[in-house]
Structures are given as C-alpha cells and as structure tokens.
Amino acid sequence: MDKYESILQELIKNSGLEGAVLVSADGLPISSVLKPGIEEDRVAAMSAAILSLGEKVAEELQKGNLEQITIKGHDGYVILTGIGQDAVLTVLASNTAKLGLLLMEIRKAQDQLKEAIG
C-alpha cells in the first residue's frame with residue numbers, strides 16, 4: 001500500500017465513502033480505493049475533464065480559484081477537490097452521506113495529500 005492509498009483508506013473509513021481516487025492533473029490515476037466494477041481509469045479521465053471545465057467556469061465568472069465541485073445524483077454524490085495544482089481527489093458517496101462530516105474529512109485528507117505530494 002502506498003502513502004496515498006493509506007490516506008484514501010483512512011478517509012473512507014472515517015466518512016463511509018463508497019470510494020476515492022487521487023488523479024493527476026492530466027487525468028491519470030495516482031492511487032485509488034474503489035468498489036469492484038468501478039474503473040479507476042474512467043473515473044480519473046472524467047475527473048480531469050470536469051475539473052478543467054470547472055476551473056474555466058470559476059475563472060470566467062470571476063469566482064476565484066476552484067476549490068471543489070459537487071455533483072448530486074439520485075443515488076449519491078461525486079465530490080472533486082483540488083489537491084494543489086497537480087492533482088484532484090474524487091470521492092464517491094451514497095445519498096445518505098452526512099455532507100458536513102464528509103466535507104470535514106475531505107479537508108483533512110486534502111491537507112495530508114498535499115503534504116504527501118509535497
């Protein structure tokens with residue numbers, strides 16, 4: 001288990017997430033903890049595309065640097081959080097997730113991942 005995977009596992013344990021992927025800015029998976037049947041390469045590519053578009057929207061509409069994107073679907077959430085300029089953390093949560101707790105745990109993991117990427 002690499003240093004990133006242990007941070008992702010801790011995040012999942014503390015927040016009850018369904019999965020988490022650390023993705024490079026160019027859309028390649030760095031580390032992931034996902035349920036069987038979810039392809040990390042697809043999640044990574046989609047995450048990079050969404051992040052890129054989100055950054056353009058935030059800039060164009062003068063909202064400052066993009067911090068986070070939340071996608072709410074009928075069956076749950078996908079939350080993308082920037083990890084410095086080099087990576088994005090994508091997490092998958094059920095629709096019963098407690099968002100306050102989840103966002104707090106994501107911030108904690110974000111700090112740990114920033115330090116680990118260094």
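A short reminder: the numbers here are calculations on the coordinates, not readings from a lab. Computed from a prediction, not measured in an experiment: that's the story for all the values here.
Numerical summary
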quantity: Mean Kyte hydropathy of -1.0 or more with a Cα span along the axis of at least 27 Å, helices from DSSP in the chain; calculated: 40-60
quantity: Estimated 222 nm signal from helices in the chain, with DSSP H stretches of n ≥ 4 weighted -39500 (n - 2.57), rounded to 500; calculated: -15000 deg cm²/dmol
quantity: Violating pairs (Cα-Cα greater than 23 angstrom) within the set 13/35; 35/56; 13/114; calculated: 35/56
quantity: Nonlocal amide H pairs with residue 76, under 5 Å, H built at 1.01 Å; calculated: 95
quantity: C-alpha center-to-center spacing [the range 37-54, the range 74-118] in angstrom; calculated: 14
quantity: Whole-number D in µm² s⁻¹ for the chain, Kirkwood Cα-pair radius fed into Stokes-Einstein, 20 °C, 1.002 mPa s; calculated: 151
